[in-house]
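The values are calculated or read from the model by the stated rules, or taken from the named source; none is laboratory data. Everything quoted here is computed from the prediction, not taken from an experiment. FYI the Cβ positions are ideal-geometry reconstructions off the backbone, even for glycines, and counts take in every protein chain you see.
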Amino acid sequence: MKKEIISKIEMTIELSFDDQKTTNLVFDALLLESDYNPNERAQANLEYKEKSILLTINATDTASARAAINSFLKWINLSIELISLTEGKDITFDTKVM
């Protein structure tokens, strides 16, 4: 049986928020993380829309893809928790994996 080797992984997630202010705050927090690439095995790209953020991760292997997405999910969760605390409101958002 021939093994197939994965040479490239691309994941795109769209985060849609209720308001533009929350979108701006989360985008700014994620932008700092996307600029930091400890190695060349995974890169992240962020795209800002009116009330949504597109996060695209390109990786060379599954371990790097998983590590990158886990890192961003933690940053998203932390950002939303901090915004909820400072703004005194519950933050809701929708996700769509493309």
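If I go through the range 7-20 residue by residue, how many of them are in contact (Cβ under 8 Å) with a residue 60 or more places away in the chain and of a type outside the set (V, I, T)?
Count: 6.
With respect to E81, determine if the residue is at pLDDT 90 or above and either over 14 Å from the mean Cα position of the chain (by Cα) or of a type in the set (F, W, Y) (or both).
Values: at pLDDT 90 or above: yes; either over 14 Å from the mean Cα position of the chain (by Cα) or of a type in the set (F, W, Y) (or both): yes.
So E81 passes the test.
Determine whether the range 32-46 contains at least one residue that is in contact (Cβ under 8 Å) with a residue 40 or more places away in the chain and at negative phi. Don't jump to the end; show me each part of the working.
Within the range 32-46, the first condition is being in contact (Cβ under 8 Å) with a residue 40 or more places away in the chain, and the residues that meet it are 33.
Narrowing further to those that are at negative phi: 33.
The answer is yes; a qualifying residue exists.
Taking the options K74, K96, K21, K51, name whichever one is modelled with pLDDT of 90 or more, charged (D, E, K, R) and crowded, with 16+ Cβ neighbours inside 10 Å. Walk me through it before giving the result.
On the way: K74 fails: crowded, with 16+ Cβ neighbours inside 10 Å; K96 fails: crowded, with 16+ Cβ neighbours inside 10 Å; K21 fails: crowded, with 16+ Cβ neighbours inside 10 Å.
Only one candidate passes the filter, namely K51.
Inside the range 68-85, can you point out the residues that are among the aliphatic types (A, V, I, L, M) and more than 13 Å from E10 (Cα to Cα)? Steps first, answer last, please.
Our first condition is that a residue be among the aliphatic types (A, V, I, L, M); within the range 68-85, this holds for 68-69, 73, 76, 78, 80, 82-83, 85.
If the condition is that a residue be among the aliphatic types (A, V, I, L, M) and more than 13 Å from E10 (Cα to Cα), then L73, I76, L78, I80, L82, I83, L85 are the ones that fit.
What pairs come up if the first residue lies in the range 65-91 and is more than 21 Å from Q20 (Cα to Cα), the second is in a helix (DSSP H, G or I), and their beta carbons are under 8 Å apart, counting only those six or more places apart or on different chains?
S71/E33
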